[in-house]
Structures are given as C-alpha cells and as structure tokens.
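Report on the following structure.
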Amino acid sequence: MAEMLSLKTTPAVSRYEAALAALGIRLPLSHDPSYPGTVIDADGKMVCVADMHGERPDTEAVAIAELLLLAVNVHAGFVPEVRHAG
C-alpha cells in the first residue's frame with residue numbers, strides 16, 4: 001500500500017504562524033490577481049505589495065510577490081500544489 005504523506009507541525013512553525021496571526025495575518029498567503037504584486041492573506045486582506053511604485057513591469061511584480069508568498073507559506077508548512085498544464 002502507498003504511504004500517505006503527512007506534515008507534522010514543528011514548534012518553530014507553530015510560533016511563526018502564531019506571530020503572523022498576532023499581526024492579523026491568516027495563512028496561507030496568495031497573490032491577488034486583480035492587483036499585480038499584491039500579496040493577500042487567507043481572509044483576502046492585503047499583506048504587502050511588491051513594487052508599489054510601479055517601477056517594474058507587472059510580470060516582474062507578480063513574480064516577486066509569488067516568490068515572497070511561497071517562502072512564507074512553505075516556512076509555515078503549506079506545501080504548494082503541483083499543477084499540470086494541459
């Protein structure tokens with residue numbers, strides 16, 4: 001039988017998520033597609049904006065935002081889903 005992958009929350013992860021929750025940020029973070037470079041929390045509240053002055057192309061602002069939210073989410077134990085094109 002195939003084994004199920006399970007994630008165990010470590011104390012460091014719990015403290016990290018608790019620290020963000022204390023700031024009113026609920027994980028996981030995501031990118032707001034309506035506003036390039038905008039990172040939002042699980043409740044849809046804005047957390048930060050990459051390139052807030054619009055000095056970069058939208059595609060770069062989106063890429064920066066997605067790298068930042070990926071780093072935060074993975075550190076908190078949220079594993080990204082694999083998407084297949086097709």
Any residue on another chain or 5+ positions along whose placed amide H is under 5 Å from the amide H of ALA50 is listed here as THR38, VAL39
At 0.36 nm per residue, and after removing the present C-alpha to C-alpha distance, how many nm does the segment from ASP32 to ARG15 gain when stretched out fully? 3.5 nm
At 7 Å along the Cα-to-beta-carbon direction for both LEU23 and LEU70, put a label point, then send me their distance in nm to one decimal. 2.1 nm
Sort the following peptides by mean Cβ neighbour count (other Cβ atoms within 10 Å, averaged over residues), highest first: 35-46, 53-64. 35-46, 53-64
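Since every read-out is calculated from the coordinates, none of them should be taken as a lab result. Keep in mind the model is a prediction, meaning the values are calculated, not measured. All Cβ positions, glycine included, derive from the backbone under ideal geometry; neighbour counts span all protein chains shown.
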